[in-house]
1. With the condition kept exactly as written, say whether any residue in segment 74-97 is modelled with pLDDT of 85 or more, farther than 30 Å from residue 29 by Cβ, open to solvent by less than 80 Å² (accessible area, probe 1.4 Å) and β-branched (Val, Ile, Thr).
2. If you scan segment 119-140, which residues turn out to be within 27 Å of the chain's Cα centre (by Cα) and either of a type in the set (Phe, Trp, Tyr) or open to solvent by less than 90 Å² (accessible area, probe 1.4 Å) (or both)?
3. Could you please find all residues in segment 117-148 being not in a strand (DSSP E or B) and not charged (D, E, K, R)?
4. When only residues in segment 165-175 that are in contact (Cβ under 8 Å) with a residue 60 or more places away in the chain and under 23 Å from the mean Cα position of the chain (by Cα) count, which is least open to solvent (accessible area, probe 1.4 Å)?
5. Checking the structure you have, find out if any residue of segment 142-159 is closer than 22 Å to residue 36 by Cβ and of a type outside the set (S, T, N, Q).
6. So residue 21 ticks every box in (1) farther than 30 Å from residue 196 by Cβ; (2) open to solvent by 40 Å² or more (accessible area, probe 1.4 Å); (3) part of a helix (DSSP H, G or I) but one. Which box is left unticked?
Amino acid sequence: MVQAYCAGFNRAIAEQKATLPNWVEPINAVDLLSFAQTMNVIFPLQELQGSLAQGTGSNQFAVAPKRSASGFPLLSADPHLDLTGLFIWYEFALYTPDYKFRGVTFPGAPFGALGHTDRIGWTITNNDPDLYDMFRISTRPGNSKQYNYHGEWRDFENVTLHLKYRENGVLKTQTQVMQRTAWGPVIPFKGMALRLAIPDPIATLRQGFGMAKSKNVTEF
C-alpha cells in the first residue's frame, strides 16, 4: 500500500512537473514512514508548546438516526487544528473493492484521517494523554562530553541533521548537529533530554488502513 501510494504520488508530480515549483520532489517509502512518525510526534510537541502558551482543545458530537430530522446519523468533526503549518487538511477520497472512504487527511498520509466510509464514520479529539517525559542531565565534572545515566558516565551521541526548508520558492539545506542521550534528544540551552511516547510508524499506517476497512464498531 505504501509503495502504491508513492507510485501514484510520483506519477502525478511527473505529469504536472511543468506547473509545479522546482522544490517539489518524488517521494519514497522512507519519506512516507518518516511522515507517519511526524504525525505521531507532532502531538507531544504541540503539548509542549501548549505548556508555554495558551492551549487549545477540540470537540465532536454524534446524533443517532432516531434523533435526527433526516433519519440518518450525523457526525460533527471539529478537531481545532490549524489550517496552515504542519497540519494542512485536504479533501481525500479512496474507493476500492474493500471500502469506500471520503473525508480529509494530511498531505503525505495514504489514508483518511477522519471522515466516513459506506459503513462507519469517525473523527478525532484530544484526550490529553501523557506523551513525553523530561530528564534533567548531569554532565561529568571536567568532561562536558559525558553525562550521568543511572550512575554510569556515557558519551553524548552527536547526530548530524540535514534540514531541508523552503525560502523564496527555493529548496535549501541547513546542517545542524544534535546531541542525543539514552533517553532521547537534548533540548538546547535547557540541560534536559526529551523522551517521547510515540508508536511505530508501521503500526500507525496499519491502524489507519484497518480503521477505514472496518465494517462495524467492533472491528473499528
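1. no
2. 120, 121, 122, 123, 124, 125, 129, 131, 132, 133, 134, 135
3. Of everything in segment 117-148, those that are not in a strand (DSSP E or B) and not charged (D, E, K, R) turn out to be 120, 123, 124, 125, 126, 127, 129, 131, 137, 138, 141, 142.
4. Filtering first and then ranking leaves 171.
5. Looking through segment 142-159, at least one residue is closer than 22 Å to residue 36 by Cβ and of a type outside the set (S, T, N, Q).
6. (3)
Results for (1) in contact (Cβ under 8 Å) with a residue 60 or more places away in the chain; (2) surrounded by 14 or more Cβ atoms within 10 Å (Cβ to Cβ), shown as yes or no for each residue.
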residue: 142; (1), (2): no, no
residue: 163; (1), (2): no, no
residue: 181; (1), (2): no, yes
residue: 204; (1), (2): yes, yes
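To keep it simple, each residue is scored yes or no on (1) closer than 17 Å to residue 135 by Cβ; (2) within 20 Å of the chain's Cα centre (by Cα).
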{"site": "152", "(1), (2)": "yes, no"}
{"site": "177", "(1), (2)": "no, no"}
{"site": "186", "(1), (2)": "yes, no"}
{"site": "191", "(1), (2)": "yes, no"}
{"site": "200", "(1), (2)": "no, yes"}
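The values are calculated or read from the model by the stated rules, or taken from the named source; none is laboratory data. All of these numbers come straight from a predicted model, not from anything done at the bench. For neighbour counting, all protein chains shown are included, and Cβ atoms are generated from backbone atoms with ideal geometry for every residue, glycine included. Just the protein is used for accessible areas: all its heavy atoms, side chains included, with ligands, DNA and RNA removed. Shrake-Rupley method; radii C 1.70, N 1.55, O 1.52, S 1.80 Å.
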